[in-house]
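What follows is a short report on a single structure.
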Amino acid sequence: MSTVMVRVHLVNGDLQEFREGGDFLRRLARLEREGLQGRALIHELITDDWGAPPVRVVLSGTDLAGAAFTRSIPYT
């Protein structure tokens, strides 16, 4: 079973953290296949309603195949 720790690094220095499961990774893969990246990807995957906007979103955990991973998505 996959587990994803999502860390949202905000422009004001704050950090938001939460956990997601396999559905999150499947949705991420689908959105990337559709061509989304950066800001557009983060808006569709998480939200577009930020007080202070993100600088980047860092994903880490276990993927759908059971392998460990870490990935950074810049908010550009």
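Residue-wise test of (1) free of Cβ contacts under 8 Å to residues at least 60 places away in the same chain; (2) touching a helix residue (DSSP H, G or I) at 6+ places or on another chain (Cβ under 9 Å).
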| site | (1), (2) |
| --- | --- |
| 32 | yes, yes |
| 47 | yes, no |
| 64 | no, yes |
| 72 | yes, no |
TODO: Taking residue 42 as meeting all but one of (1) within 10 Å of the chain's Cα centre (by Cα); (2) on the phi > 0 side of the Ramachandran plot, write down the number of the exception.
DONE: (2)
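Read-outs: derived from the displayed coordinates by stated rules, not from any lab. If you're wondering where the values come from, they're calculated on a predicted model, not measured in any experiment. Glycine gets a Cβ as well: all are built from the backbone with ideal geometry, and neighbour counts include every protein chain shown.
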